[in-house]
Amino acid sequence: MSGPALAYFRGDDVYGLERAAEAVAKRVAAGGDPLERWRVTGGATSVDRIAERIATSPLFGGGTLVVVAEPAPLVGSKADRDALVAILGSVAPGNALVFLESVDGSGRRPAALDRLREAVAAAGGEVRELKAPKEGELAAWISRQAAERGIRLGRGAAQLLAERIGGFVHEGDIDRRRQSQLAIAELEKLTLYRPAAEVTPDDVRALVPEAVPGSTWAFLDAVGARRVRPASELLERLLGSTPEPVLIVQLHRRLRELTEVVDRLAAGESPGSLVRSMKLNPYRAQKLVEQARAWTLPELEAALEGLLELDVATKGADGRTVTDVQRRLAFTLWITRRVAPRR
């Protein structure tokens, strides 16, 4: 065996995380019998069960690779975290323990995971962050994956595939965790379509549906700038993945911010002073000032009133059931009536 049998991998590339775990298994096996895989999520196991799997060396054959995905539930309290850290040094020869933490675009994660990661590093384990490739990096990555599988991609096919799965969306709140997996699945579909021929961009257009993820930040910016078409397109993507009450709360927050900016500017504050008075970073202050110039105060007040009506419409009144179509229509009408600039 060469290299550590303990690892902590985190990042927004689920496919890369799984491959990193497999690399640990191959390294521990070192050409001998392959390791048995035991994969579990942090919420479906316990420290004692993990300890049972890693503490005993195999007498015959390969050992065990224990993969703990999303370990946050195991470090919910200090006592739980201390118990988990205590078993890190008990990985028996021939076995391996790997933690996988997938990161979405929200930035929300327990701080206790950092302490677990630091404990893995202190115990001599491998600690690495794997970021999902995007834009040109994703196109190049797709080309390499195709070459490994003997798939011939024509000029521009990798670029178009990267675009169609959302690799060229720039916003930082995009959940890219499944993009690499989606790219592999689409490559396998394309090779079945063209088993012995070059895959062209036309083939990609014919077989690969657009799966561009929605960005909450981009949607709120489009609403703030009163750009109706982009706002409607982004809304269509978000409604399938983001609960309507969450979107309404975020819209309310943005409109309140714009109302405050309009008030402060009308009272004589300079755009630069908003950084201090509203506790904003300079970039965000600049964006809000630009968006506020597209609104009048009565228009913002009307948009907020309409948001209250939208909240009622999406939840239903008097016990009535609201269908998905009705919810989408209610959001679309709000954008058309309250966000679209009046000529």
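The values are calculated or read from the model by the stated rules, or taken from the named source; none is laboratory data. Everything numeric here is computed off the predicted structure, so don't read it as measured data. Note: ideal-geometry Cβ built from the backbone for every residue, glycine included; neighbour counts use all protein chains shown.
Of all residues in region 325-339, which are surrounded by 15 or more Cβ atoms within 10 Å (Cβ to Cβ) and not hydroxyl-bearing (Ser, Thr, Tyr)? Answer for region 325-339, where residues must be surrounded by 15 or more Cβ atoms within 10 Å (Cβ to Cβ) and not hydroxyl-bearing (Ser, Thr, Tyr): ARG327, ARG328, ALA330, PHE331, TRP334, ILE335, ARG338, VAL339. Is it the case that GLU101 is under 30 Å from GLY166 (Cα atoms) and among the acidic types (Asp, Glu)? Against the criterion (under 30 Å from GLY166 (Cα atoms) and among the acidic types (Asp, Glu)), GLU101 qualifies. Return a yes/no flag: does region 14-22 have any residue that is of a type outside the set (D, E, K, R) and within 16 Å of VAL91 (Cβ to Cβ). Among the residues of region 14-22, at least one is of a type outside the set (D, E, K, R) and within 16 Å of VAL91 (Cβ to Cβ), which makes the answer yes. One residue alone among ARG53, ARG81 is in the same structural domain as GLU118 (by TED's automatic domain parsing), under 30 Å from the mean Cα position of the chain (by Cα) and among the basic types (Lys, Arg), and that residue is ARG81.
Out of all the residues in region 243-260, is one or more farther than 30 Å from LYS279 by Cα and either in the same structural domain as LEU280 (by TED's automatic domain parsing) or of a type outside the set (Asp, Glu) (or both)?
So far as region 243-260 goes, no, none of its residues is farther than 30 Å from LYS279 by Cα and either in the same structural domain as LEU280 (by TED's automatic domain parsing) or of a type outside the set (Asp, Glu) (or both).
Does ALA119 satisfy being assigned by TED's automatic domain parsing to the domain that holds ARG194, of a type in the set (Gly, Ala, Ser) and part of a helix (DSSP H, G or I)? Judged against the criteria, ALA119 is not a match. Considering (1) surrounded by fewer than 16 Cβ atoms within 10 Å (Cβ to Cβ); (2) touching a helix residue (DSSP H, G or I) at 6+ places or on another chain (Cβ under 6 Å); (3) among the polar types (S, T, N, Q), the lone condition that THR259 does not fulfil carries the number (1).
Does region 82-100 include one or more residues that are in contact (Cβ under 8 Å) with a residue 60 or more places away in the chain and surrounded by fewer than 17 Cβ atoms within 10 Å (Cβ to Cβ)? Yes, region 82-100 has at least one match. Cβ-Cβ contacts under 6 Å between residues 6 or more apart (or on different chains), taken from a first residue in region 209-229 that is at pLDDT 80 or above to a second residue that is among the charged types (D, E, K, R) and not in a helix (DSSP H, G or I), are listed as THR216/ASP173; TRP217/GLU171; TRP217/ASP173; ALA218/GLU171. A single entry from LEU6, LEU74, LEU35 fulfils the requirement of being among the aliphatic types (A, V, I, L, M), in contact (Cβ under 8 Å) with a residue 24 or more places away in the chain, in contact with a Gly (Cβ under 6 Å, 6 or more places away or on another chain) and farther than 24 Å from ALA111 by Cα: LEU35. Would it be correct to say that ASP311 is touching a Leu at 6+ places or on another chain (Cβ under 8 Å), charged (D, E, K, R) and more than 16 Å from ALA218 (Cα to Cα)? The answer is no for ASP311.
Hey, does region 305-324 have a residue that's surrounded by fewer than 14 Cβ atoms within 10 Å (Cβ to Cβ) and at pLDDT 90 or above? Yes; the residues of region 305-324 include at least one that is surrounded by fewer than 14 Cβ atoms within 10 Å (Cβ to Cβ) and at pLDDT 90 or above.
Restricting to region 240-249, count the residues that are buried (at least 17 other Cβ atoms within 10 Å of the Cβ) and modelled with pLDDT under 90. Write out each step before concluding.
First, the residues of region 240-249 that are buried (at least 17 other Cβ atoms within 10 Å of the Cβ): 244, 247-248.
Still in the list and also modelled with pLDDT under 90: 244, 247.
Selection size over region 240-249: 2.
Consider region 122-136 and keep the residues that are outside any loop (DSSP other than H, G, I, E, B) and in contact with a helix residue (DSSP H, G or I) (Cβ under 6 Å, 6 or more places away or on another chain). The one that is modelled with the lowest pLDDT is LEU130.
Could you list all residues from region 192-206 that are crowded, with 16+ Cβ neighbours inside 10 Å and modelled with pLDDT under 90? Break it down stepwise before answering.
Filtering region 192-206 down to residues crowded, with 16+ Cβ neighbours inside 10 Å leaves 194, 199-201, 203-204.
ARG194, the sole residue that qualifies.
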